[in-house]
């Protein structure tokens, strides 16, 4: 008779656990509470919530369950394992007392300091005024809520104003929530982070492959803090020498400390580590598998999960290690060779408010690609799969080569369809840099902002241009007066320039064109260079160039004016789509003397599944409301558009990233105004651009 196993939880982590339990040669009968649309394919799901401890015990008894596996942290902190143990049901996971290492940041910090486990220094405060008094002049600092805060209890603050805003929110707006009653003000450590998982039965332990998580919503670790947008394993950051140090200084002292305090730990001990100046420090402990780290980790280990979990509940892990010749401090002894990469597909608006119920279309999966459901619902009657939460799906691939594995994962991620899909396109980038040359890596597109600093020649205005790098070729969006100088200063290869797009004939947008063309001439360029602009502006630009003494015949290459019209410019990598606006007053002085009806344009740029929007002004935004719901990146020139309007549009349409570029001479006045309107206490939803700033999207 097969073993009955109940998995508690409903996310991507629990789907991965259920999937790999189902691959056991023991062929267990799987149950899950409450499960999701993907889990229902491998386990029988029951509508019992993870916090309903009595309901879960009743379910386990009625189904005569042999083993319970707990996925999420909250039921562990509530004492679910204690209650199952009282009911004589074997349970994989720590008791409430042992799980305090995660449920109380204060306790875990005190434990580390008491037992000389390397960690950042910290103080505990219990009121807003006490916290303000404890803030030092040295920033950044880290603020941590004492209790479980659903992934929202950590904030890196880079100045006093940000710290004050977070503390006011936690102590005032969240007053009464137990997790925010005590706050840790912690030393900020600079370095690279990794997640290390240790499976233990309370006596013996086994290290599992190291994982690197990606917490921030956007590429290059920008944007809101999330539950995790992807993971890659193993990370070469963890050498055997470094692991030996972690074992001696962190893993063994932690397990011994818990044992000595009467809180023996059985289950998964999750070490959130940072490697600072070559030394490991503990950022946090968790008492369970991470999500999405588990999705990346589990496909790599060559283990019968049923046998592993059973051995831990019976304190027989050492017997298993002898049987399979595992070395406790060497994860390689139980792992496949190769890499695993997980990309999270999230709902638009996550980690804030998002729309539920979008129908999901799934493609056939490539070989060695797994799809783990995080928040989905399967309707058996209609045969439809719908999105039911913020993080919707996890696409996971394994393979011998990381670049090839990444390609398969992203090919699948792109093919999956549901309204509002968003995902990071740089998962594993840091790992790649450890194993590959930088020249061989391409992650989406990089936007370099040119000429936005106060060092431009004009005393009255700054100019902004944007160099879009796609697969090593450049596309220039507008050509301000500082563009050529910025191209040189930022080491951009102008010979790779493939096309120029001019949005309108305001000097801010085209005054640098003569200088750029002369620079290309001096670079001995010989091919055609298309300059795209709306057809009714071609005479305007041509006349401006003549007045600026740029004579085409003296150049060693041809530049060709090409109308955008209403048709997009396309090649295999990029689409540039113009859109009209009725806001023309500030352009008529340039167009009317030439007898030309001038229409102002902005540009949409689509690369793969990502959309960049560069509007000329707010009316141009209002002309394209359907586009606003797809935008990943919005570029704004603040001297033309009031921040109140942008704030309203960005919030209504849940635009995840806004960059303020054309700040001009009003920089010192405008930036505080924008910050006051747009700041969240974790990271601003907008960024203030500077000359040469690179943005990957």
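Tabulated results
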read-out: The range 121-187: translational diffusion in µm²/s, Stokes-Einstein, Kirkwood Rh over Cα pairs, 10 °C, 1.306 mPa s; value: 138 µm²/s
read-out: Likely footprinting exposure, 42, 396, fewest C-beta neighbours within 10 Å first; value: 42, 396
read-out: Relative contact order (%) - criterion: Cα under 8 Å, at least six apart; region: the range 53-115; value: 29 percent
read-out: Computed over the range 361-429: relative contact order in percent, which uses C-alpha pairs under 8 Å that are six or more apart; value: 34 percent
read-out: Kirkwood hydrodynamic radius over Cα pairs of the range 4-94, then Stokes diffusion coefficient at 37 °C and 0.692 mPa s, in µm²/s; value: 259 µm²/s
read-out: Burial ordering of 285, 423, fewest other beta-carbon atoms within 10 Å first; value: 423, 285
read-out: Centroid-to-centroid separation of the range 121-144 and the range 164-229 [C-alpha atoms, Å]; value: 17 Å
read-out: Simple spin-label estimate for residue 121 and residue 411 in nanometres, 7 Å along Cα-Cβ; value: 5.3 nm
read-out: Length gained when the stretch residue 190-residue 491 is fully extended (0.36 nm per residue, less Cα-Cα span); value: 105.6 nm
read-out: Unit Cα scatterers, Debye sum, the range 44-125: log10 I(q)/I(0) for q = 0.16, 0.19, 0.23, 0.24 Å⁻¹; value: -0.66, -0.80, -1.03, -1.10
read-out: Computed FRET value (nearest 0.05) for residue 366 with residue 259, which takes r as the C-beta separation and R₀ as 35 Å; value: 0.20
read-out: Global geometry of the range 177-306, whether rounded, prolate or oblate, following the gyration tensor of its Cα atoms and the 1.5 cut on a/c; value: rounded
read-out: Projected label distance in nm at residue 543 and residue 49, using a 7 Å step from Cα toward the beta-carbon; value: 6.9 nm
read-out: FRET E, pair residue 132, residue 353, Förster distance 30 Å, beta-carbon r, rounded to 0.05; value: 0.45
read-out: The range 121-187, relative contact order in percent, only Cα pairs under 8 angstrom and at least six apart counted; value: 51 percent
read-out: Cut-off 19 Å (backbone N to label point 7 Å along Cα→Cβ of residue 558), residues of the range 479-514; value: 497-501
read-out: Cα shape, the range 239-312, gyration tensor, a/c 1.5 rule; value: oblate
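Read-outs: derived from the displayed coordinates by stated rules, not from any lab. This one's a predicted model, so the numbers in the text were calculated from it and none came from an experiment. For neighbour counting, all protein chains shown are included, and Cβ atoms are generated from backbone atoms with ideal geometry for every residue, glycine included.
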